Amino acid sequence: KTPIAITALSAETLQKADIRSVVDLDRHVPGMIVQSGGAFPLNVTIRGIGYDGLQNNSSQPGVAFVENGVYIASPINLTSSFLDLAQMEVLRGPQVTVNGQNADGGAINATTRLATLDGLHGEGEASYGSYEYNRQRGAANIPIADTLAARFALQHEGHEGWLRAPN
């Protein structure tokens, strides 16, 4: 019964907007700023409250990242690409009651796709770019029995360096 500001993004919206990681949410979520600190973890703030790691390496994030109900403690994990998401929710404002002490600014909730019994299907994607950038993603839904199904997803992403030092 308490009102809350939420931005909810479906799997289709994430794909159409090319949202692959938390960094890409920056331009789609009002009140949320994602800054890269180079060698430091991402600085995610919602309404001005967030991670103070750029100035204080012992601080905890102020925006919680939760995947399938499990709190991901390290802000370093925010740099990884999303894999097989069903939806993404960004909750603005204090979320400590539901998401724990590190959600003063808000929470980012990621939910992966579940296996379904509606048949065998899958999807795949491959990308290639400069500096030997390559990315492969795939997912498959496999019904095993009348009441049992499995879903598999995999992803690989990598690239060569930007500088060659022969000596």
>> For segment 119-134, give me each residue that is surrounded by fewer than 10 Cβ atoms within 10 Å (Cβ to Cβ) and aliphatic (A, V, I, L, M).
In response: L120
>> Here are the criteria: (1) in contact (Cβ under 8 Å) with a residue 60 or more places away in the chain; (2) farther than 21 Å from A5 by Cβ; (3) touching a Phe, Trp or Tyr at 6+ places or on another chain (Cβ under 8 Å); (4) of a type outside the set (S, T, N, Q). Tell me which single one I108 does not satisfy.
In response: (2)
> All but one of (1) touching a strand residue (DSSP E or B) at 6+ places or on another chain (Cβ under 8 Å); (2) open to solvent by 20 Å² or more (accessible area, probe 1.4 Å); (3) farther than 22 Å from G31 by Cα hold for V70; which doesn't?
Replying inline: (1)
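Name every residue in segment 148-167 that is over 21 Å from the mean Cα position of the chain (by Cα) and either at pLDDT below 95 or open to solvent by 60 Å² or more (accessible area, probe 1.4 Å) (or both), in order of residue number. Full working, then the answer.
The first filter runs over segment 148-167 and keeps only residues over 21 Å from the mean Cα position of the chain (by Cα), leaving 148-150, 160-167.
Scanning segment 148-167 gives L148, E160, G161, W162, L163, R164, A165, P166, N167.
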> Does segment 73-95 hold any residues that are crowded, with 18+ Cβ neighbours inside 10 Å and of a type in the set (A, V, I, L, M, F, W, C), and which are they?
Replying inline: L78, F82, L85, M88, V90, L91
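Please go through segment 48-67 and give me each residue that is open to solvent by 50 Å² or more (accessible area, probe 1.4 Å), touching a strand residue (DSSP E or B) at 6+ places or on another chain (Cβ under 6 Å) and modelled with pLDDT of 70 or more, ordered by number. Before the answer, list the steps.
Quick first cut of segment 48-67, residues open to solvent by 50 Å² or more (accessible area, probe 1.4 Å) only: 48-49, 52, 54-58, 60, 67.
Still in the list and also touching a strand residue (DSSP E or B) at 6+ places or on another chain (Cβ under 6 Å): 54, 67.
Within segment 48-67, E67 is the sole residue that qualifies.
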> Do we have any residue at all in segment 104-111 that's surrounded by fewer than 11 Cβ atoms within 10 Å (Cβ to Cβ) and within 28 Å of A150 (Cβ to Cβ)?
Replying inline: no
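Out of the residues in segment 135-147 meeting the condition of being over 19 Å from the mean Cα position of the chain (by Cα) and touching a residue at least 12 places away in the same chain (Cβ under 8 Å), tell me which one is nearest to D18 (Cα to Cα).
If we filter segment 135-147 for residues that are over 19 Å from the mean Cα position of the chain (by Cα), which is where we start, we get 140-147.
Checking which are touching a residue at least 12 places away in the same chain (Cβ under 8 Å) leaves us with 140-143, 146-147.
Details: A140: 21, N141: 23, I142: 26, P143: 29, D146: 35, T147: 34 Å.
Among residues in segment 135-147 that are over 19 Å from the mean Cα position of the chain (by Cα) and touching a residue at least 12 places away in the same chain (Cβ under 8 Å), the one nearest to D18 (Cα to Cα) is A140.
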> Which residues, counting only those in segment 30-47, are at pLDDT 70 or above and either out of contact with any Phe, Trp or Tyr (no Cβ under 8 Å at 6 or more places or on another chain) or of a type in the set (G, A, S) (or both)?
Replying inline: P30, G31, M32, I33, V34, Q35, S36, I46, R47
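The values are calculated or read from the model by the stated rules, or taken from the named source; none is laboratory data. Model, not experiment: these values are computed from the prediction. So basically every Cβ, Gly included, is an ideal-geometry build from the backbone, and we count neighbours across all protein chains shown. These area figures cover heavy atoms from the full protein model, side chains too; ligands, DNA and RNA do not enter into them. Shrake-Rupley method; radii C 1.70, N 1.55, O 1.52, S 1.80 Å.
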